[in-house]
Structures are given as C-alpha cells and as structure tokens.
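Some notes on the structure that comes next.
The values are calculated or read from the model by the stated rules, or taken from the named source; none is laboratory data. Quick caveat, the model's predicted, so the values are computed rather than measured. Don't worry about glycine lacking a Cβ; one is built from the backbone with ideal geometry, like all the others, and counts go over all protein chains shown. The accessibility values were calculated without ligands, DNA or RNA, using every heavy atom of the protein model including side chains. Shrake-Rupley method; radii C 1.70, N 1.55, O 1.52, S 1.80 Å.
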Amino acid sequence: MPIMIHSQDGTIEFVNRVWTELTGYGPEELRTIDDWTRLAFGTLAPAVHKVIQGTYALDGGIAKAEREILTRDGRKIVWEIRATTLDRQRDGQIAVITTAVDITARLAAEREAKRQECLLIQSDKIASLGLLVAGMAHEINNPNHAIRLNASLLSKIWTSARPILDVALEGEEDTLLGGIEYGELRDKIPAVLTGLLNASAHIESIIGGLRDFSRPAKDEEDEEVRIDLVVEASLRLLGAYIHAATSHFRLELDPGLPAA
C-alpha cells in the first residue's frame with residue numbers, strides 16, 4: 001500500500017517504496033508537498049495543495065478522495081486516498097499520514113461493464129425497433145396496396161372515359177368538374193394518376209427496405225452482399241432527407257460492381 005507522512009510545514013518525512021514504484025518518483029524528488037503536487041497533478045497542483053493543507057485540521061478525522069495522478073512515464077492512474085493526522089508531532093508540527101489504493105484497474109473494469117451494459121440495452125432497442133418496423137411495414141403495405149390498385153383502376157377508367165367526355169363537352173371545355181374546368185382537368189388527370197402510382201411505388205420500395213432492416217441477420221458470415229443493392233436501399237430510406245438538404249444529389253453506380 002502506498003504510504004506518505006508529511007508535516008504541516010510541507011515537508012515529506014516518509015514515503016514508502018510502493019508509493020515511489022507506482023508513481024515513478026523517487027524519495028529524492030519528493031522532499032516537499034509542493035514537489036509531490038507539482039509532479040503528480042500538473043495544473044491542478046494549487047487546488048490539490050489547498051486540500052492537503054486542510055488535512056492538518058482533521059484532528060483524528062479521515063479525509064477521503066479519488067485523485068488522478070500523472071506518473072513519471074506519462075501514464076494516468078487513479079488512487080483512492082485517505083488522510084488522517086498522527087498523534088505525534090515534530091517540532092510542534094502536525095503530521096498527516098496518507099495512504100492510497102490504486103483503483104485504476106477497478107475503474108476501467110467498471111467502465112467496461114457499463115459499456116457492455118449500454119451495448120446490451122442498445123441491442124434490445126434495435127430488436128424492439130425491428131419488431132416495430134415489421135409491424136409498421138405490414139400496416140402501411142395494406143392501404144398502399146389498395147391505393148395502387150385503385151390508382152391503376154382509375155387510370156383505366158380515365159382512358160375509357162376521356163373520349164366520351166371529349167365528345168360530350170366539345171366546345172364546352174370551361175365546364176367545371178370538381179371546381180376545375182374540363183379543358184384544364186383533361187391535361188392534369190394523367191399526371192395526377194401517374195403521380196399516385198409513382199408515390200405508391202415509392203412507398204412500396206421504402207416498405208421493402210424496412211422489411212429488410214427488420215429481418216434477423218443470417219448466421220453465414222461468408223454470404224455475398226450486393227453493394228449496389230445496399231446503397232439503393234439506403235437511398236430509399238434516406239431519400240427525403242437528402243433531397244431536403246440538396247438539389248444536386250445524383251447516384252451513379254457501376255453496373256459491374258462485384259459482390260462483397
């Protein structure tokens with residue numbers, strides 16, 4: 001266990017071998033508390049020195065602290081430090097004995113355990129998200145399928161009805177249908193129906209990407225992956241964000257990309 005004894009005048013009276021071995025600072029370098037705080041704490045030395053000064057008033061009490069210490073070889077170690085006053089005095093000076101426990105490894109293990117716990121939590125979140133995505137994809141797919149069928153049906157109806165309407169409303173193109181003049185509506189309807197079909201197809205492609213995301217990963221690590229398909233699936237999911245950010249985005253994929 002690292003042990004140091006120092007007096008109220010700042011003199012270090014004793015420092016044991018464990019202390020010097022763990023820090024790399026020899027007894028010849030640790031003659032005063034100023035030496036110790038300067039070497040071990042750098043820019044924090046004044047604040048630590050002030051805390052040490054407070055230990056001389058403990059009167060038998062115990063002060064505890066965790067300190068990060070800079071060793072001679074540039075490493076950072078963490079000590080759990082305890083300090084208390086000694087009964088004896090030298091030349092009327094109060095003496096304090098400081099002991100330490102190196103908790104660097106313990107803290108590292110705790111951080112790793114916390115990291116692993118966060119990874120497990122994140123894994124659970126992803127699994128839950130996969131279930132949610134699969135359910136959403138199913139719920140969206142059903143009405144989208146109906147939209148696509150109805151849009152296709154309306155397109156066929158319009159193809160059959162337009163010649164009839166052209167004859168019936170010849171010379172009366174300003175007749176209002178749904179608040180829009182027929183002459184204008186006749187040009188807009190095909191674009192509207194095409195837009196519906198394209199939007200439905202876009203929704204379907206997004207659903208496909210969501211389903212791919214929610215599927216459990218296969219165990220085979222040597223399965224080939226089509227890079228172009230991965231990029232296209234990502235683009236389907238992020239397309240809205242990309243188009244909102246720039247109007248100059250263009251995807252060009254080499255048709256000869258090999259599988260990875």
Rolling a 1.4 Å sphere over the protein heavy atoms, what is the accessible area per residue of the chain, to the nearest Å²? 68 Å²
Identify all lysines with a Cα-Cα distance to residue 114 below 17 Å; exclude those on the same chain that are fewer than 8 residues away in sequence. 125
Got the relative contact order for the chain handy, in percent, Cα pairs under 8 Å and 6 or more residues apart? 13 percent
Rounded to the nearest 0.05, what FRET efficiency is calculated for residue 197 and residue 131 with R0 set to 25 Å and r the Cβ-Cβ distance? 0.20
Tell me the mean residue ellipticity at 222 nm calculated for the chain from its helices only (DSSP H runs of n ≥ 4, each -39500 (n - 2.57), averaged over every residue, nearest 500). -19500 deg cm²/dmol
To the nearest 20 debye, region 84-174 has a Cα-centred charge dipole, built from +1 on Lys and Arg Cβ and -1 on Asp and Glu Cβ, of 780 debye
Does region 16-86 come out rounded, prolate or oblate by the C-alpha gyration tensor, with a ≥ b ≥ c the root eigenvalues, rounded set by a/c under 1.5 and, if not, prolate when a/b is larger than b/c and oblate if not? prolate
I'd like to compare 106-115, 76-85: which one has the highest average count of other Cβ atoms within 10 Å, and what's the full order after that? 76-85, 106-115
Ranked from highest to lowest mean number of other Cβ atoms within 10 Å per residue, what is the order of the peptides 96-103, 25-32? 96-103, 25-32
Under-5 Å amide H pairs with residue 8, H placed in peptide plane, nonlocal only: 94
Just one of (i) 1.15; (ii) 2.09; (iii) 0.93 is Cα Rg over 2.2 N^0.38 Å as worked out from the coordinates here. Which one is it? (ii)
With an 8 Å cut-off on Cα pairs and a minimum separation of 6 or more residues, tell me the relative contact order of region 131-211 in percent. 52 percent
Where in the chain are the DSSP H helices whose C-alpha atoms run 30 Å or more along the long axis and whose mean Kyte hydropathy is at least -0.5? 104-168, 182-214
Using only C-alpha positions, report the orientation-averaged shadow area of the convex hull of region 111-174, nm², one decimal. 7.8 nm²
How big is the dipole moment of the chain about its Cα centre under a simple scheme where the beta carbon of each Lys and Arg is +1, that of each Asp and Glu is -1, and everything else is neutral? Debye, nearest 20, please. 940 debye
